[in-house]
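Note sheet for the following structure.
The values are calculated or read from the model by the stated rules, or taken from the named source; none is laboratory data. All figures in this text were calculated on a predicted structure; none of them were measured in a lab. All Cβ positions, even for glycine, are placed from backbone atoms using ideal geometry, and neighbour counts span all protein chains on display. Surface accessibility is based on the protein's heavy atoms, side chains included, excluding ligands, DNA and RNA. Shrake-Rupley method; radii C 1.70, N 1.55, O 1.52, S 1.80 Å.
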Amino acid sequence: AAPRVLNVNVGVLGHIDSGKTALARALSTTGSTAAFDRAPQSRARGITLDLGFSCLRTALPPQLGPGPGELQFTLVDCPGHASLIRTIIGGAQIIDLMMLVIDVTKGMQTQSAECLVIGQIACQKMVVVLNKIDLLPEGKRQSAIEKMTKKMQKTLENTKFCGCPIVAVAAKPGGPEAPESENPLGVSELIESVLRTCNYWEILQGQIMLHQPDCLLWQNVETAGVMTLIRLGKQVSRLSHVEAGEVWVTKKVKSMQMFHTPVTYAMQGDRVGICVTQFDPKLLERGLICTPESLHTIHAAIISLKKIQYFRGALQTKAKFHITVGHETVMGRVMFFSPAPTDFSEEIQENVFDFEQDYLYQEEYLSKDSNSSDENKENDQAEVQFPRQQWALLEFEKPVTCPKLCLVIGSKLDTDIHANTCRLAFHGVLLQGMEDKNYTETFLPKLKVYKLKHKEGQVERVMDDYSVIGRSLFKKETNIQIFMGLKVKLSTGEDGIIDGGFGQSGKFKIRIPDGLKPDTKMLLAVAYKKKSKAGKGDTTKEDESSKNDSAQPVTISLLFKRYVFDVQKKMIQS
């Protein structure tokens, strides 16, 4: 039997010019066709423009048991330039462990911080690499490394990576122009650190259980019929069939290679090149391929989401964001919603969306720095409660092809890349995609998101013990008939029912089933007399009681809810 290979995908992320590609080269034993900036555009510009792949092979760690086998680290070299954030997000979704590369002479920079945020969303383990230590004067090198290590520990203390290893290296002493004979510094210590940090059991369990029902492979079509598969769920083998998403073409797998070595099958997490029959590479540069019929193309989606704490400002409903779904980034408009206020503290089942529940429309995502919580602070309201879970409806400007339950990231990529600010706004999980392009008619009416409406008017005068005339609740042109039968409450405590219009000026009749209280009748009688006198130009001095009464008109409150996607716009009261 062939020796087993356990593959671990290691992302190499960091700010531009921190030395990521040089580090990947120093660590690698084998490079792929897409390693070390081999693309002509990357060489011309002197920066990484796409994901680069290489690998480092070592013996299986003893804790994984006896027997022949190898541990293979696939190094995913991500670009560092701010404009390539889409590619960085794509790379982060396929990794098991992240190396955050920091230029030791500069410390954390804007894209280092963005990479850290992406790592917190997409990855469980991290090693910090302080690169370019050869640029530090030898006499002060150790103290400078210790100082930067303390700074990084402070930066990470409130993240999931608190206490992660920090290793100092010089991947390419002397810089890019230095001769190849210059040996890297600290690389063997870095490999040791990665070996200790890796969660092999979790990776191994993912490969053995093969719990995903379909075979999802993210690929880059390089030459006719050869596809580079970066990440897959379940397994693919020679002679099986795969379907190219977006172009919906099914092809047979002829042969497969993993870093120039022929293989007959590949497992979850492997990076392989596969050769398929008669596929035109012009059809698809990058996309998803899968077992036939396991992907869907969607026009809108419901996601569960969390705001990224470093994003400044509120997340507003109706705002547009760059939405990264799987490997694609498209513009999309958002609508936020939450559980009903009484259910804010309820435990919500993960990765499931319940269409039977009612949800409350929100003008913005509710968080400590949202406008609504600022208003509550100004009004000296008690501790504001936030829901355990919030959701968003995303409506894409163009359809996207993706697997179910995939990671979604919302960003403001049009922010100035030189501004020292986090562009990543929220992240979440895609719970429900809408495949029908007429989803606004066929699907959205099932989504029970409601707005709470509150209208206020005043009682103008009493008609009799069981009815009053109201005003200022409706505009003159409002059709009062549609509000007939709705319940209202007077500020004096009586319950009433809207009984129809009164005249042409927006006034209306209210029936009071239990009758008006004597105090209310007196209050309204005084107010009405005063109004009549004022109308006749009577300027006699008011007595004290009249003054007090007129300062407190009897108000009418109308509360109802209306479902956002209800075509009939029905008003509902509990």
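Return yes or no: is Val104 of a type outside the set (S, T, N, Q), over 26 Å from the mean Cα position of the chain (by Cα) and surrounded by 14 or more Cβ atoms within 10 Å (Cβ to Cβ)? In short, yes.
Restricting the search to helices (runs of 4 or more DSSP H) fully inside segment 141-235 and requiring at least 1 residues that are aromatic (Phe, Trp, Tyr), open to solvent by 70 Å² or more (accessible area, probe 1.4 Å) and at pLDDT below 90 gives 200-209.
For (1) at pLDDT below 95; (2) over 13 Å from the mean Cα position of the chain (by Cα); (3) within 30 Å of Gln111 (Cα to Cα), each residue gets a yes or a no:
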site	(1), (2), (3)
Val334	no, no, yes
Pro341	yes, yes, no
Glu364	no, yes, yes
Ser367	yes, yes, yes
Ala392	no, no, yes
Thr401	yes, yes, yes
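Within the set Thr324, Thr277, the sole residue that is modelled with pLDDT under 90 and not assigned by the TED database to the domain that holds Gln120 turns out to be Thr277. Applying a threshold of 8 Å to beta carbon distances and a minimum spacing of six or more residues, or different chains, the list of pairs starting in segment 180-200 at a residue that is in contact (Cβ under 8 Å) with a residue 40 or more places away in the chain and ending at one that is in a strand (DSSP E or B) and among the basic types (Lys, Arg) reads Thr197/Lys125; Cys198/Lys125; Asn199/Lys125.
When Glu441, Glu435, Glu460 are checked against the criterion of being farther than 21 Å from Asn351 by Cα and touching a residue at least 12 places away in the same chain (Cβ under 8 Å), Glu460 stands alone in meeting it. For beta carbons closer than 8 Å, sequence separation of 6+ or different chains, a first residue in segment 104-125 that is touching a residue at least 24 places away in the same chain (Cβ under 8 Å) and a second that is open to solvent by 10 Å² or more (accessible area, probe 1.4 Å) and small (Gly, Ala, Ser), the qualifying pairs are Val104/Ala144; Val104/Ala168. Going by the structure shown, is Pro62 modelled with pLDDT under 70, out of contact with any strand residue (DSSP E or B) (no Cβ under 9 Å at 6 or more places or on another chain) and either over 19 Å from His327 (Cβ atoms) or charged (D, E, K, R) (or both)? So Pro62 fails the test.
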